[in-house]
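Participant: Following this message is one structure expressed as structure tokens.
None of the figures in this text is laboratory data; all of them are computed from the coordinates on show. Note that the coordinates shown come from a computational prediction; the quantities given were computed from them, not determined experimentally. Cβ atoms come from the backbone with ideal geometry, glycine included; neighbour counts cover every protein chain shown.
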Amino acid sequence: MSPSKPLPNESPAARLHALLDAPLPESAGIGPARRARLAALLGDDARRRDALLALPSRLETTTPRPGDALTPGPAAFCFVATAPPRAWGRSGRALAGRVDEVAVELRWYRPPARPWLDRLATGEPHHLVGELVAAGDGGFACVHPRAVGPEAPARRPVHAGLDHRTTRHLAAVVADTLQAWPADLDSLDPATRAGLGVPSLRDALAVLHGRADGCPTAARRRLAVEEWLAFRSELAAARAALHRPARPLAPAGRLEAALRRRLPFRPTPSQDAVHATIRAELAGGRRMTRLVNGDVGSGKTLVAARAICDAVEAGRQAAVVAPSAALAAQHAHTLDGWLRPLGVETALVTGALAPGRRRPLERALTTGAVQVAVGTHALLEPRLGFHDLGLVVVDEQHRFGVQQRLTLTAKSRDAHLLVLTATPIPRSLARALDGTLAVSRLANRPGLGANVATRAVSRDRLDEVVARLLDAVAGGARAFWVCASIEGTDREPGAQARHDALATRCPGKVGLVTGRLPAEARATAIDAFRTGERPVLVATTVVEVGIDVPDATIMVVEGAERMGLAQLHQLRGRVGRGGQPASCLLLHEGPLSPAQHRRLDHLRRCHDGLALAEADLAARGAGETLGARQSGVDGFRFLDLARDAPAWATLTADGALDPRALMRLQPTVTGGLAAG
């Protein structure tokens, strides 16, 4: 089982790195079925490092302690037989004996090996481990006990899903690897470890695998430190590749100045400052990856338009991608109104375009006749090309996966990336904290969001909510009613059923918008809502972005307790957009749990998107920072990013060992980071 001999000139760190990267050794008795269970635990391409990081589900005590009273549960004990073996059950065996002065009977559903049973029955003491259960008269029974050899550690690892032979094989791999690990080789020097109150990496692994005594809490924290160090090392490498060289975009600024002169308002100081930062990055000769965060009405679209002007004046094209046809059409209308008078050709690209209109548009983009393309996922299609794409603007970026954004930025070797969002999802917030994605914050306009009163209401009061909504609609109000799904569940109706129920109470006044409807039908329903023809719009969360109806003042959200704060904040942003008083009702099922109550109460009190994103980060996790998942635990085994990142922000590896030798993180895909 020992690894191959090292090369004579290799450093200890290089030898250990090679050892940790070595495949698991073969072992007698580990056949295909057991290998499959190992693969389920360690992964298909398991290495020795994977065995070290597969911590036991528990450590089983193997050393009996004299004088300890026997109790039901896992135990180590010294057994002495007091009677010969007897039949038990249909084909099993039982052996009566004592542990100190307590009667214990060993039982097997199938007869054990005869030599071992004979040895147990000799009346000599034997060290055993197993699960004790009460058996009457103050005694105990133990089914299928296991012997403990003299060389066994004081605590033996137990892995859920692995039998004892496979567990022994895994424990032998761990012991062999730790024995070959130089005791003084670590990614942190002793002084740093002492300051953190953690052991060396090797000692921490030995404690957690039951090979040494020590504090399990400190040992686990040491692995979290190592994962943080490996994560920061990966980020440093990714960051260096991320900001790769790009052709400088350094226009004179005449086009952007012309846009400002045509605006019926003056840009805010915050918008000017963010644009100045973007302009400097575009001209800096490095690829820009910047997120602009600002709530509804803070001017994200204008910031993007000014950056587009700079790109177009520099002779490059720009693409604006939005998650829905409605939002894409809204952006296309706004940008066309601003840019066409300046001689900039803007085109809308969606999947609904007929082939007769699409083909000429594709040629115009390829030749450069169209300088700005605004669209949905249709912009991601491989056949759609650009003459010279210089700037990609992604709006409401949490609605796009990493691979989708990567596909768009891959249409140019040096396109700059500008991301717009009203509420950064936890993934983006975590990356902003890590310095991988630069962030600009647009200041909110005074009183933004404060005009929308938010309340959590139990569905037990549904009839009251409907009655008040219909009264408000009769008085001229416009109201959204958002459901989590189209079909619904046993506990709550979906959008279709809710539409039918409201339409019965208010005939001819209720519209329906879902992602399943054709784009034209959705547009018709939204237009009827906007004009007041149908003042109630029942919808799924497709209305989360891209719906601008200034007269809408009521938002009802069903199943709010199961939605993220970012999504609820976006939905709330659909009402009160004209500054008038508005209300957002969060319908929930039954009594809220304490965690749900805290989340919805935080939303009620807070109208700041970034603060809500921070709450989401703590509650949901950051998603894969180097991978593709957008929420949940960050792919870390031991690290709590929200808790540990602030405490260890300045911590760096100062020892001879690269922390990535043990911690194999998600693959670092430079393009994925840039696009994500």
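Participant: Tell me which of 578, 493, 510 sits at the most positive position along the dipole axis of the stretch 452-606, charges placed on C-beta atoms (Lys, Arg +1; Asp, Glu -1).
Facilitator: About the Cα centre, the residue reaching furthest to the positive side is 578.
Participant: Near the amide H of residue 417, under 5 Å away, which other amide H atoms are found, from residues 5 or more places off or on another chain, if H is placed in the peptide plane?
Facilitator: Residues meeting the criterion, in which the H sits 1.01 Å from N, are 288, 289, 290, 392.
Participant: In Å, the Kirkwood hydrodynamic radius of the stretch 204-332 over pairs of distinct alpha carbons? Before the final figure, lay out each step's value.
Facilitator: On the way: mean 1/r = 0.0538 Å⁻¹.
About 18.6 Å, per the Kirkwood formula over Cα pairs.
Participant: While we're looking at this one, here's another question. Treat the count of other C-beta atoms within 10 Å as a stand-in for reagent exposure and order 584, 606 from fewest to most.
Facilitator: Working: 584 26, 606 17.
Exposure proxy ranking, most exposed first: 606, 584.
Participant: What FRET efficiency do you get for residue 57 and residue 14 if R0 is 30 Å and r is their Cβ-Cβ distance, rounded to the nearest 0.05? List each step's numbers first, then the result.
Facilitator: Numbers: r = 33 Å, r/R0 = 1.11.
With a Förster radius of 30 Å, E is 0.35.
Participant: Sticking with this structure for a sec: Where a ≥ b ≥ c are the square roots of the eigenvalues of the C-alpha gyration tensor, would you call the stretch 512-565 rounded, which needs a/c under 1.5, or, failing that, prolate if a/b is larger than b/c, or oblate?
Facilitator: Values: a/c = 2.09, a/b = 1.35, b/c = 1.55.
It is oblate, given that a/c is not under 1.5 and a/b is not larger than b/c.
Participant: I would also like to ask the following. Once you have the Cα-Cα distance between residue 184 and residue 272, take 0.36 nm times their residue separation minus that, and quote the gain in nm to one decimal. Before the final figure, lay out the partial values.
Facilitator: Numbers: separation 88, 0.36 × 88 = 31.68 nm, distance 5.46 nm.
Once the chain is fully extended between residue 184 and residue 272, it gains 26.2 nm.
Participant: If I stretch the segment between residue 286 and residue 91 completely, what's the gain in nm (0.36 nm per residue apart, minus their alpha carbon distance), one decimal?
Facilitator: Numbers: separation 195, 0.36 × 195 = 70.20 nm, distance 7.60 nm.
Taking 0.36 nm per residue and subtracting the Cα distance, the gain is 62.6 nm.
Participant: If I fit a long axis through the Cα atoms of helix 325-339 and take the longest principal axis of the Cα atoms of the chain, what angle between them do I get, 0 to 90°, rounded to 10?
Facilitator: So the inclination is approximately 50 degrees.
Participant: Once phi is turned into θ = phi - 60°, what whole-Hz ³J(HN,Hα) does the Karplus curve with 6.51, -1.76 and 1.60 give for every residue of the stretch 197-205, x standing for Gly and Pro?
Facilitator: Each residue of the stretch 197-205 in turn: x, 10, x, 5, 5, 5, 5, 4, 5 Hz.
Participant: Right, here's the next one. Counting other beta carbons within 10 Å of each residue's own, what order do 156, 260 fall into, fewest first?
Facilitator: On the way: 156 23, 260 18.
Taking fewest neighbouring Cβ atoms as first place, the list is 260, 156.
Participant: Still on this structure: Could you list which residues have their amide H under 5 Å from that of residue 88, counting only those 5 or more apart in sequence or on another chain, with H placed in the peptide plane?
Facilitator: Excluding prolines and chain starts, which carry no amide H, the hits are 93, 94.
Participant: I've got another one for you. Treat each spin label as a single point 7 Å out from the Cα along the C-beta direction, and report the residue 252 to residue 33 distance in nm.
Facilitator: According to this spin-label approximation, the distance is 8.1 nm.
Participant: For the residue pair residue 191 and residue 611, what label-to-label distance in nm results when each label sits 7 Å from Cα along the Cα-to-beta-carbon direction?
Facilitator: Inter-label distance under the simple model: 4.2 nm.
Participant: Give me a comma-separated list of calculated 3J(HN,Hα) values for the stretch 156-167, in order, Karplus coefficients 6.51, -1.76, 1.60 applied at θ = phi - 60°, integers in Hz, x for any Gly or Pro.
Facilitator: With the stated coefficients, the stretch 156-167 comes to 9, x, 10, 10, 4, x, 10, 7, 5, 5, 5, 4 Hz.
Participant: May I ask for the Rg/Rh ratio of the stretch 452-606, computed from Cα atoms with Rh as the Kirkwood radius, given to two decimals?
Facilitator: Working: Rg = 14.3 Å, Rh = 15.4 Å.
Result for the stretch 452-606 is an Rg/Rh of 0.93.
Participant: Which whole-angstrom value gives the distance between the alpha carbon centres of the stretch 254-307 and the stretch 461-506?
Facilitator: What the calculation gives is 40 Å, centre to centre.
Participant: Given the -39500 (n - 2.57) contribution per DSSP H run of 4+ residues, what per-residue ellipticity at 222 nm results for the chain, rounded to the nearest 500 deg cm²/dmol?
Facilitator: Values: 23 runs with 256 residues, N = 676.
Using -39500 (n - 2.57) per qualifying helix, the result is -11500 deg cm²/dmol.
Participant: Modelling each spin label as a point 7 Å along the Cα-to-Cβ direction, I'd like the residue 103/residue 383 distance in nm, to one decimal.
Facilitator: That separation, rounded to one decimal, is 8.4 nm.
Participant: Across the chain, how large is the tail of the calculated P(r) beyond 45 Å, expressed as a percent of all Cα pairs?
Facilitator: Tail of the P(r) past 45 Å holds 41 percent of the pairs.
Participant: Taking only C-alpha pairs under 8 Å that are 6+ residues apart, what is the relative contact order of the chain in percent?
Facilitator: Details: 1226 pairs, mean separation 89.5, N = 676.
Relative contact order comes out at 13 percent.
Participant: Neighbour counts of other C-beta atoms within 10 Å: give me 166, 504, 366, 192 arranged from fewest to most.
Facilitator: Numbers: 166 21, 504 9, 366 13, 192 17.
Ranked by crowding around the Cβ, least crowded first: 504, 366, 192, 166.
Participant: Find how much the distance from residue 548 to residue 461 grows on full extension, using 0.36 nm per residue of separation minus their present alpha carbon separation; answer in nm with one decimal. If you can, show how the numbers build up before the last one.
Facilitator: Details: separation 87, 0.36 × 87 = 31.32 nm, distance 2.91 nm.
Computed gain between residue 548 and residue 461 is 28.4 nm.
Participant: Of 80, 134, 115, which is farthest along the charge dipole of the stretch 63-147 in the positive direction, counting Lys and Arg as +1 and Asp and Glu as -1 at C-beta?
Facilitator: Among 80, 134, 115, the one farthest towards the positive end of the dipole of the stretch 63-147 is 115.
Participant: While we're looking at this one, here's another question. Around residue 93, with a cut-off of 9 angstrom between Cβ atoms, what is the net charge of the other residues, counting Lys and Arg +1 and Asp and Glu -1? Don't skip to the end; give the middle numbers.
Facilitator: On the way: positive: 86, 107, 110; negative: none.
So the environment of residue 93 carries a net charge of +3.
Participant: Apply the a/c threshold of 1.5 to the C-alpha gyration tensor of the stretch 63-147 and tell me whether it is rounded, prolate or oblate.
Facilitator: Details: a/c = 1.66, a/b = 1.35, b/c = 1.23.
Since a/c reaches 1.5 and a/b is larger than b/c, the shape of the stretch 63-147 is classed as prolate.
Participant: Once Lys and Arg get +1 and Asp and Glu get -1 on their Cβ, which of 326, 479, 655 lies farthest toward the positive end of the dipole of the chain?
Facilitator: 326
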